[in-house]
Amino acid sequence: MFDLTLLSLSPPGWGATLLCGFLNSVTLAAGGYLIGLVIGIGGALGKLSDNAFLRELCDIYTTAVRAVPELVLILVLYYAGTDALNQLLTVLGFASVDISGLAAGILVIGVVQGAYSTEVLRGAILAIPHGQVETAKAYGMSPLLTLRRVTLPAMLPFALPGLSNLWLIATKDTALLAVVGFGELTLATKQAAGTTKDYLLFYTAAAAMYLCLTLLSNLVIKLIDRRATRGLAVMHA
Amino acid sequence: MLSTNTLPAVSSGPTVRSVKPFAPIRYALVIAIVCLAVYFGRWDWIGDYWMRLANGIGVTLLLLVSSCVLGFALALPLGVVQATGPRLLAWPARAFCTVIRGTPLLLQLWMLYYGLGAVFAQFPEIRASIFWPVLRTAWPYGLVALVLSFAGYAGEIMRGAFAGVPKGELEAAYTFGMNRRTAFFRIWLPRAVQRALPTLTGETILQLKSTPLVATVTVIDVFAVISKVRQDTYLTYEPLILLASLYIILTITLTRLLRIFEARAIRR
């Protein structure tokens, strides 16, 4: 039923195109996830800070991003965002830059992920037994040292379920960049299928690739989870 | 997409404050954005498009409601067979949920529309059948993709909910002389739905945010109308600002409605 030679790596097979798209998807997901984590740590600390203005700002960011569909956000950030950046650069007297699709894509996924990881990390930081942070203060640790040595490691077991969920979402959100014409796996699949008219073959192959990524991630997540929660009997109960 | 993970409730100390909206800043910002957008933006196109926009919002809401209702109806058997069913049924249900949750919705949608659509077109029997006028249009594929996606995620939620109903409650039902059918409809199902309700309402909001994907297969929802505006007017900012605002309003309204519904359902 399927002409599997179409999946071979060398032309006339489209295997190389699909693999290339798959690598792009993974790069996008990984880059966006990392940027999201950085934004998330900042956002969580901002939401828990004493400054009312900062708290409000972070809250507006997470509320707005989580209320708008990812597809719309991608259009907004991809088209309006790059245009606004270039206009700003022109006003400031710099030459306008041509932002590569990959960089813009990673940034877009990062901004979306940042809002969700802010919420996950905020919850996790709140779950740390308060005495631990107070002990760090009592030992005279500076806020940054407390963050690095106590808060971040101690919240990790609480944040892991949410964070692993976010990674799985990031891998699937990369598909949305196909709509703005970025050559990740879903768009590569559409092109291959449209050219060869062998639609089901290519879509099944792409689905299998995404599924492998998810299942492999689940395996790694289980290992990380086991390591991070070692000695914490409550977490598995 | 995002299922809520319950974090273990650990005492959180005395100095923790909840994030309360600091109202003055929020309202000032909203008013400022609206004023700036109205003053600097070009909005003359709204006159030509407002009918289509209203139609598009209707299509979006219709897709949301129908896909959630149908998807939930499909999720119930998926959850039941995974929680207790015979292995012959549990395994395919589990595989279905894994595949749906493991692949992007956009890929599923395109697979149905381009893939299955092309397969259908190859068979003269289907082309000659009375269903063809419907099958040539895009919306059945969009609706089916949304329904399957919701069923996949909600099925996983319901599996946990069915398995989480305390055994004692079911045993009590049997002791009262209920047969399996009565016990299922009077005790097991209502208790499972009650437990899963907060997660299910969250899933409904995520579903609203998935609906614009159907615009990529030419279903004319509100996202597609705005895309048309962007093509016709070459405006970068205004249509996208309007679209984002519309979705924010829809999401906030839906969240409020679901919260009221949830409070009522749990009180009962």
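The values are calculated or read from the model by the stated rules, or taken from the named source; none is laboratory data. This is a predicted model, so every value here is computed, not measured. Cβ atoms come from the backbone with ideal geometry, glycine included; neighbour counts cover every protein chain shown. Note: areas computed on protein heavy atoms with side chains; ligands, DNA, RNA excluded. Shrake-Rupley method; radii C 1.70, N 1.55, O 1.52, S 1.80 Å.
In region B:94-110, the residue that is nearest to the other protein chains (Cβ to nearest Cβ) out of those that are open to solvent by 40 Å² or more (accessible area, probe 1.4 Å) and in contact with a helix residue (DSSP H, G or I) (Cβ under 6 Å, 6 or more places away or on another chain) is B:ARG101. Scan A:ALA44, A:ALA80, A:ALA84 and give me the residue that is surrounded by 21 or more Cβ atoms within 10 Å (Cβ to Cβ) and of a type in the set (A, V, I, L, M). Within the list A:ALA44, A:ALA80, A:ALA84, the selection yields A:ALA44. Please specify each residue of region B:119-142 satisfying the condition of being open to solvent by less than 30 Å² (accessible area, probe 1.4 Å) and either hydroxyl-bearing (Ser, Thr, Tyr) or in a helix (DSSP H, G or I) (or both). Answer for region B:119-142, where residues must be open to solvent by less than 30 Å² (accessible area, probe 1.4 Å) and either hydroxyl-bearing (Ser, Thr, Tyr) or in a helix (DSSP H, G or I) (or both): B:PRO140, B:TYR141, B:GLY142. Just one of the listed residues (A:ALA208, A:ALA188) is more than 19 Å from the chain's Cα centre (by Cα) and without any contact (Cβ under 8 Å) to a residue 60 or more places away in the chain, namely A:ALA208. Among the residues of region A:170-188, not a single one is in a helix (DSSP H, G or I), open to solvent by 10 Å² or more (accessible area, probe 1.4 Å), more than 10 Å from chain B (Cβ to nearest Cβ) and more than 30 Å from A:GLY13 (Cβ to Cβ). When the residues of region B:28-71 are filtered to those that are in contact with an Asp or Glu (Cβ under 7 Å, 6 or more places away or on another chain) and not in a helix (DSSP H, G or I), which remaining residue is nearest to B:VAL219 (Cα to Cα)? Here the residue is B:TRP43.
With respect to B:THR204, determine if the residue is within 18 Å of B:ILE100 (Cα to Cα) and open to solvent by less than 10 Å² (accessible area, probe 1.4 Å).
When the stated conditions are applied, B:THR204 does not pass them.
Apart from one condition, B:VAL147 fits all of (1) among the β-branched types (Val, Ile, Thr); (2) open to solvent by 30 Å² or more (accessible area, probe 1.4 Å); (3) touching a residue at least 24 places away in the same chain (Cβ under 8 Å); the exception is (2).
Restricting the search to region A:189-203, which residues are farther than 13 Å from B:LEU106 by Cα, in a helix (DSSP H, G or I) and open to solvent by 20 Å² or more (accessible area, probe 1.4 Å)? Before you say what the answer is, go through the steps one by one.
Going residue by residue through region A:189-203, those that are farther than 13 Å from B:LEU106 by Cα are A:191-202.
Checking the rest, the ones that are also in a helix (DSSP H, G or I) come to A:191-196, A:199-202.
Correct list: A:GLN191, A:GLY194, A:THR195, A:THR196, A:TYR199, A:LEU200.
In region B:161-168 there is at least one residue matching the filter, namely being among the β-branched types (Val, Ile, Thr), closer than 29 Å to B:VAL99 by Cα and not in a helix (DSSP H, G or I).
Quick check on this structure: which one of B:GLU169, B:GLU156 is open to solvent by 50 Å² or more (accessible area, probe 1.4 Å) and not hydroxyl-bearing (Ser, Thr, Tyr)? Quick ask: steps written out before the conclusion?
Details: B:GLU156 fails: open to solvent by 50 Å² or more (accessible area, probe 1.4 Å).
Being open to solvent by 50 Å² or more (accessible area, probe 1.4 Å) and not hydroxyl-bearing (Ser, Thr, Tyr) holds for just one of B:GLU169, B:GLU156, which is B:GLU169.
Here the condition is being open to solvent by less than 20 Å² (accessible area, probe 1.4 Å) and among the basic types (Lys, Arg); of B:LYS209, B:LYS228, it holds for B:LYS209 alone.
Name the one entry in B:TYR39, B:TYR27 that is away from chain A (no Cβ under 14 Å) and aromatic (Phe, Trp, Tyr). Before the answer, list the steps.
Numbers: B:TYR27 fails: away from chain A (no Cβ under 14 Å).
Within the list B:TYR39, B:TYR27, the selection yields B:TYR39.
When you check B:GLN82 against the structure, is it without any contact (Cβ under 8 Å) to a residue 60 or more places away in the chain and in a helix (DSSP H, G or I), yes or no?
no
For region A:105-127, the candidate set comprises residues that are open to solvent by 10 Å² or more (accessible area, probe 1.4 Å) and over 11 Å from the mean Cα position of the chain (by Cα); within that set, the residue that is nearest to A:LEU166 (Cα to Cα) is A:VAL120.
If you check B:LEU257, B:LEU235, B:LEU250 for being hydrophobic (A, V, I, L, M, F, W, C) and not in a helix (DSSP H, G or I), only one passes: B:LEU235. Of the set (1) in a helix (DSSP H, G or I); (2) under 18 Å from the mean Cα position of the chain (by Cα); (3) buried (at least 20 other Cβ atoms within 10 Å of the Cβ), all apply to B:VAL219 but (1).
Identification of helices (runs of 4 or more DSSP H) wholly contained in region A:40-158 with 2 or more residues that are free of Cβ contacts under 8 Å to residues at least 24 places away in the same chain and facing another protein chain (nearest Cβ under 9 Å) yields A:52-67, A:82-91, A:130-138. Scan region B:36-54 and report the pairs whose first residue is over 17 Å from B:THR236 (Cβ atoms) and whose second residue is in a helix (DSSP H, G or I), with Cβ atoms within less than 6 Å and a gap of 6+ or a chain change. So the pair list comes out as B:ARG52/B:VAL225; B:LEU53/B:VAL225.
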